[in-house]
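Following: one structure in structure tokens, then a few remarks.
Values quoted throughout were computed directly from the atomic coordinates according to the rules given, and no laboratory measurement underlies them. On a predicted model such as this, the values are computed, not experimentally measured, just so you know. In this analysis, Cβ positions are derived from the backbone assuming ideal geometry, glycine residues included, and neighbour counts consider all displayed protein chains.
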């Protein structure tokens, strides 16, 4: 018997992390900083937001960790504007052997490392490094198994564990809890660019089925059938020495940090 698990996008939530560049009184105008200096686990009192060029527009990212496999982990503050399925399926029905909940080469994995990656400025693309991420092995799906495998990706989704969502009997541990979410699990909630809160995909499947995936929403952890649209929150890593600069032309009336581009090089 086939069935689907549905979820509902929730109405507006106040922005969790305010846009702050640095403590202006302590900043030196024109100084170049390294990305590691902004990471939450290094500098939790201020900063930890950096702006990234997407399609010619600057978008805020949370600088979550200074050491994600030796690099600096960034997570998009807002969800992407459009929701999308984890795996496309026009019939909206899954046979167990189709493994709709498997992350590697899923529709969302392919999108993040193709169309989304291409949407960022060339200077940012060149700065992104490949990350080794732990995912649930296909053999674990449908049998509540506990095996994992590792894949290399430029852009990826965070896991249930990394977002500090409680492990269940139907999930496999993928990675470690990130300090940003360990300090306040409510921070994992996110909104669409218009301010509406919406559930979004993790990369962690429910292992009692082969086609359902855990989501994060207003009321905590949920799940969705792989073909249902949900929010998308990209993450990727840059080298800790990546240069960032202060900009006053991105957010009116504020000095914020942005990844240094060729336009910033005099």
Response to the item:
Proxy exposure order for 93, 120 (fewest C-beta within 10 Å first) is 93, 120
Practice prompt. Starting with the highest mean, order 173-182, 142-151 by the number of other Cβ atoms within 10 Å, averaged over the residues of each peptide.
Written response: 173-182, 142-151
